[in-house]
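Novice: Following this message is one structure expressed as structure tokens.
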Amino acid sequence: MKLWKRLMCTCRRRSPWLFHMNSGSCNGCDIEFVAALTPRYDAEQLGVLLQGSPRHADILCVTGPVTRKAADAIKTVYAQAPGPKAVVAIGSCPATTNVFIESRTLEGPLGRHIPVDVFVPGCPPRPDAILQGVAKAAAILAERADHPPAAAPVIKPDAVEVQR
Ligand code: SF4
């Protein structure tokens, strides 16, 4: 593997950059997520850095049960994050829609809209559980970067027979 690629894999494992998205949560999970970033729980031990744009993020951390208004935004944010990327669903809401299950304003759970790599259960989960989830996602991400999916075969123009 080329040196720059090896360096990128190591950086992802050691310093994943996060983007946080609330898809309609009650804010309980968001408070715990923010607590995980404080010096008390020391997310920086994982080299974690919170980013303001999904374009700079390796890991998307999503809270909430996915409301109708948030469904399209979630897909847009997922598309904006550069690959390889991983998704962490924080709390029971993105996994199952939880206590909001009968709401007519929901389009969750999250897995219906984007692929989810790590579920952190709890209502809300504790900050240390969230950090564990992020660490797991960083390991998945590094694995993905080490073994990217095979590129589509390149077909040379002169190899294509044109039907007339
Ligand atoms: S899992 Fe619980 S705390 Fe988190 S957003 Fe849902 S209801 Fe709120």
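The values are calculated or read from the model by the stated rules, or taken from the named source; none is laboratory data. Everything numeric here is computed off the predicted structure, so don't read it as measured data. We place every Cβ from the backbone using ideal geometry, glycine too, and count neighbours over all the protein chains shown. What goes into the accessible areas is simple: the full protein's heavy atoms, side chains included, and nothing from ligands, DNA or RNA. Shrake-Rupley method; radii C 1.70, N 1.55, O 1.52, S 1.80 Å.
Novice: With +1 on each Lys and Arg Cβ and -1 on each Asp and Glu Cβ, how big is the dipole of segment 10-148 about its Cα centre, in debye rounded to the nearest 20?
Specialist: Using only the charged Cβ atoms, the result is roughly 240 debye.
Novice: Another question, then. Using a cut-off of 17 Å between alpha-carbon atoms, which aspartates and glutamates can reach LYS85, once sequence neighbours fewer than 8 places away in the same chain are excluded?
Specialist: Hits, sequence-local ones excluded: ASP58, ASP117, GLU143, ASP146.
Novice: Once you compute Rg and the Kirkwood Rh from C-alpha atoms, what is the Rg to Rh ratio for segment 10-148?
Specialist: Result: Rg/Rh = 0.95.
Novice: Counting only heavy atoms of the protein chains, get the accessible area per residue of segment 59-151 (1.4 Å probe) and round it to a whole Å² value.
Specialist: Roughly 49 Å² per residue, with all protein chains present.
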